[in-house]
Structure formats: C-alpha cells, structure tokens
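Before any comments, here is the structure.
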Amino acid sequence: MDADIVSPSAAATAAANAAVDAATAVQNGDETAPFSLELSQDQRDIREWVHGFAEGVVRPAAAEWDEREETPWPIIQEAAKIGLYGFESLAQFFADPSGITLPMVNEELFWGDAGIGMAIMGTTLAVAGIFSAGTPEQLGEWVPQCYGTTEDPKVGAFCVSEPDAGSDVSSLRTRARYDEASEEWVLNGQKAWATNGGIANVHVVVASVDHELGARGQAAFVIPPATEGLEMGTKVKKHGLRASHTADVFLDDCRVPGSCLLGGKEKLDERLARAREGTRAKSQAAMQTFEASRPTVGAQAIGIARAAYEYALDYAKERQQFGRAIIENQAIAFTLADMKLEIDAARLLVWRASWMGRNNHEFTNAEGSMSKLKAGEVAVWATERAIQILGGNGYTREFPVERMHRDAKIYTIFEGTSEIQRLVISRAISGLHIR
C-alpha cells in the first residue's frame, strides 16, 4: 500500500468514496454481511501482518518510549512505510463487511504495546469524527492531512472533553459563532485530555453553536493545520499510555472557513431548527463518534489483557517453587483459566458490536457500550492477576505486566467511564431515564 499522501489524492478520494458507498449500501439494505466466527484468509493475513509489526517493532521499543513519555515518531514512520499508518489501510480495514478487521488490527497493535499503539491509532478518532459528520468531499480533503506522508507523518486529534465537561458532554462550554461578514466560524474555549492535542496537524473540535439546546446544539469543526488561535496547553503526565501524547487545547478567537463545519451549514441549520421545534434527534456530534469507536476501544483493551495473560502463562510454566512449576498449583492454573475465559468472552462482545455497527444494526441493548465496558474491566482485572502471578517480579519495571496494568486502567475511564457505560446499558434495557 502506498501511504505517500500529501493532499486529497485520487487514491485517498477513491478510498473515501468506497468507504462511504459501502456504508450507504448497508444502510439502504442492499448488503448484509453474513456472521461467521471463521476468519477469512484476508483477515488472517492482515492479523499476521500487524502481529509481526507489533512483535518485531513495537514490543522491543515499548519500555523505552514509556520511560521517555514522548510520541514515538520513528515507529509511527515505520508503520507508515509498511502501509499500516494511513487512510488507505484504514479504509481497507473498515471496508470489511464483517466489521471485525479494524478491532482485530487494534487488538494486535495493543498486544504489542498500548502506549505506542495509541500513538499509532489515536488519529483514528479524529478520522471517525470526520467520517461520522462530514461530507465525502470533507473526508477526502481532511483525512489525508491527518496522516501526512511516509517521509513526514502527521497525527490528528479529536477534542471533546473539557475541564468541567467529561462524561457530561452536553455541558460543553466551547462556543462556535458564525461570522456572516467573513463567512467564517469563530471558536473560543478550552479542551482537555485531547489525544495528540496541540501536536496534531488536524484537530476536530466539538463546540456548542446554540447553548440553550444542550447537546443538540453542538457541531463538529475541522481546525486546519497552522490555524491561528489554537494553542497547546499543558501536556499531561499520565499513569499509563505514556508514549501517547495527551494535552489541553486552547481556542482563542480561532477562525476557520465556513467549509470547516463538518456536514455543512445548511444541514446544521436544519438540525437546529428541528431541535428548536422539539423534534427528537438521533444523536449529537460527540456521541456519534463515541458510538462508532467503542467496540474498537474495547479491542485495544483486549490486546492489553491478552498480552498480560500470555506473559503470565509463560512465566507460570517456567517459574519453579517447591520443586515444581507454579502453574501446577490450582490457584495459579484456575486464575489463568479465568483470565482466558474472560478475555475470549470480551472479544466476542466486541466482535458482535463491531458486526452490528458495520451492518447498521441498531444497538437496542447498548451492545457497543457492553463491549467497551466488559473489555475495559477485563483488562484491568487480567493485568492485576498477571502481576499477582509474577509476585514481586510483577511489581517491578523489569517485567512488562507492571506497564500493562498501568496502561489498562484508562479503559475504565476514557470514552465513557464504566459507570457511564452501565448507565447507557440500563437505560437501553429498561426504556427509562435512569439517573
């Protein structure tokens, strides 16, 4: 695959159109992918390809970049060189009618290392924001700029959370005002916890256009490269995922052309008019992106859990105590059995939600939230069990399960805490507005 993208190239535009056409065909009922647990040859080939990169390139560098707490640009460039980092590959993964390829790729990368995996896949959230709200023309224009070129790779950022608006995205304070005279949007506010915030080539920002409408008055905007008025705030020093850049983003009279409103002003005006009339809307800008990304985030957590399980299993077979391998003790063997059980169960939930989302099946029981909730909690639980199996060794940085445990914890917090996921699920199954 050629990952050498500078501007809306013919290849990128074709990939964008193919992805949109595939999604449209499913939405129109023209195509339904059969469900099967048997992976196709293409899926197996992709899994082996990504696994090889994770094993040969990512894992050997994991401890170094975790300690440095810096974006691993050389590894992102290596991913771009082999075609793993770029819109063509993302479009190929997404085009799979089963919906399983993209989460499978994420699982393998994060099996290698979660911090580096997030540095590579963090751009995907910005791309999801553009895809969920943008037009095909906007997709073709902005997505390639999220990735840059093989020689000069870039990253994208999706900016939603704010200091006082995390789980409650309806209370965003960032404002977007349309300047009729210049036909520009003017954005003011502060974003927090933004992956790639401030270092991204393209920022996708969710802002309130009509604050009285709450979440229904929000829209998503693209902030092009080198736009004045956007500045990076403090870089966050994190417990885990330390190779992935996280920072605040400040918007101070940040002006962008009218064409940077994802979906266009006419569509926004129609949506706001319906909201003012009291017509119920399907979703809003931030939640559309989160709904699409939750199963993939769950797959990342599974990759971490699987890595910890496999390391603990190998360790238990080799570690000798009282004249025998510790796996011969039921306490250890049963723990490993439970780890394998929980990881496989979580993966099936992720695959189900991925298949449903790809084939336009409504999440009537919040299946997307189920997958993310289960996978995140399994990752924290499994990595803690791995530390316990390794004993004192597991608590040191000489062994990777300590890092895996730190990396896993965020999966019960970001893109919807475990408590929020349970709230979403309880509302879906009860039909009541549980608080």
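Quick notes on this structure:
- Residue in the stretch 293-304 that is modelled with pLDDT under 95 and of a type in the set (Gly, Ala, Ser) present: yes
Here is a yes/no grid of residues against (1) over 20 Å from residue 132 (Cα atoms); (2) touching a residue at least 60 places away in the same chain (Cβ under 8 Å); (3) of a type in the set (A, V, I, L, M, F, W, C); (4) outside the structural domain of residue 86 (by TED's automatic domain parsing):
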{"residue": "165", "(1), (2), (3), (4)": "yes, no, yes, yes"}
{"residue": "171", "(1), (2), (3), (4)": "yes, no, no, yes"}
{"residue": "178", "(1), (2), (3), (4)": "yes, yes, no, yes"}
{"residue": "186", "(1), (2), (3), (4)": "yes, yes, yes, yes"}
{"residue": "189", "(1), (2), (3), (4)": "yes, yes, no, yes"}
{"residue": "196", "(1), (2), (3), (4)": "no, yes, no, yes"}
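- Pairs meeting the criteria (first residue in the stretch 32-47 and of a type in the set (A, V, I, L, M, F, W, C), second residue at pLDDT below 95 and assigned to a loop (DSSP other than H, G, I, E, B), beta carbons under 7 Å, at least 6 apart or on different chains) are 33/97; 33/98; 33/359.
Rundown of residues vs (1) under 27 Å from residue 275 (Cα atoms); (2) at pLDDT below 95; (3) surrounded by fewer than 16 Cβ atoms within 10 Å (Cβ to Cβ), yes/no style:
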residue: 172; (1), (2), (3): yes, yes, no
residue: 185; (1), (2), (3): yes, no, no
residue: 189; (1), (2), (3): yes, no, no
residue: 200; (1), (2), (3): no, no, no
residue: 204; (1), (2), (3): yes, no, no
residue: 211; (1), (2), (3): yes, yes, yes
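- Test set (1) in the same structural domain as residue 98 (by TED's automatic domain parsing); (2) modelled with pLDDT under 95 - residue 56 fails condition number: (2)
- Boolean, residue 369 is outside any strand (DSSP E or B) and more than 21 Å from residue 112 (Cα to Cα): yes
- The stretch 228-273, residues that are assigned to a strand (DSSP E or B) and loosely packed, with under 15 Cβ neighbours inside 10 Å: 231, 234, 252, 253, 257
- All positions within the stretch 393-419 that are modelled with pLDDT under 95 and either farther than 20 Å from residue 375 by Cα or surrounded by 19 or more Cβ atoms within 10 Å (Cβ to Cβ) (or both): 415, 416
- Residue in the stretch 411-429 that is touching a Lys or Arg at 6+ places or on another chain (Cβ under 8 Å) and small (Gly, Ala, Ser) present: yes
- The stretch 388-419 - residue that is in a helix (DSSP H, G or I) and over 22 Å from residue 332 (Cβ atoms) and, of those, nearest to the chain's Cα centre (by Cα): 411
- Scanning the stretch 132-141 for residues that are surrounded by fewer than 24 Cβ atoms within 10 Å (Cβ to Cβ) and either part of a helix (DSSP H, G or I) or not hydroxyl-bearing (Ser, Thr, Tyr) (or both) returns 132, 136, 137, 138, 140, 141.
- The residue list 94, 131, 110 contains one member that is modelled with pLDDT under 95, of a type outside the set (D, E, K, R) and under 22 Å from residue 346 (Cα atoms), which is 94.
- Meets criteria (under 21 Å from the mean Cα position of the chain (by Cα) and touching a residue at least 24 places away in the same chain (Cβ under 8 Å)) for residue 200: yes
- Single residue of 301, 331, 337 found to be among the aliphatic types (A, V, I, L, M), in contact (Cβ under 8 Å) with a residue 60 or more places away in the chain and either within 20 Å of residue 110 (Cβ to Cβ) or assigned to a helix (DSSP H, G or I) (or both): 301
- Residues that are surrounded by fewer than 20 Cβ atoms within 10 Å (Cβ to Cβ) and either β-branched (Val, Ile, Thr) or within 23 Å of residue 146 (Cβ to Cβ) (or both) within the stretch 37-52 comprise just one, 49.
- The residue of the stretch 34-90 that is nearest to the chain's Cα centre (by Cα), among those that are farther than 15 Å from residue 102 by Cβ and among the polar types (S, T, N, Q), is 71.
- Every residue from the stretch 126-164 that is over 20 Å from residue 227 (Cα atoms) and within 19 Å of the chain's Cα centre (by Cα): 128, 131, 132, 133, 161, 162
- Condition met for residue 234 (under 25 Å from the mean Cα position of the chain (by Cα), free of Cβ contacts under 8 Å to residues at least 24 places away in the same chain and closer than 28 Å to residue 113 by Cα): yes
- Test result for residue 155, modelled with pLDDT of 95 or more, closer than 26 Å to residue 343 by Cα and aliphatic (A, V, I, L, M): no
- Pick from the stretch 274-292, criterion part of a loop (DSSP other than H, G, I, E, B) and on the phi < 0 side of the Ramachandran plot, ranking: modelled with the highest pLDDT: 279
The values are calculated or read from the model by the stated rules, or taken from the named source; none is laboratory data. Values in this document were obtained by computation on a predicted structure and should not be read as measured data. Don't worry about glycine lacking a Cβ; one is built from the backbone with ideal geometry, like all the others, and counts go over all protein chains shown.
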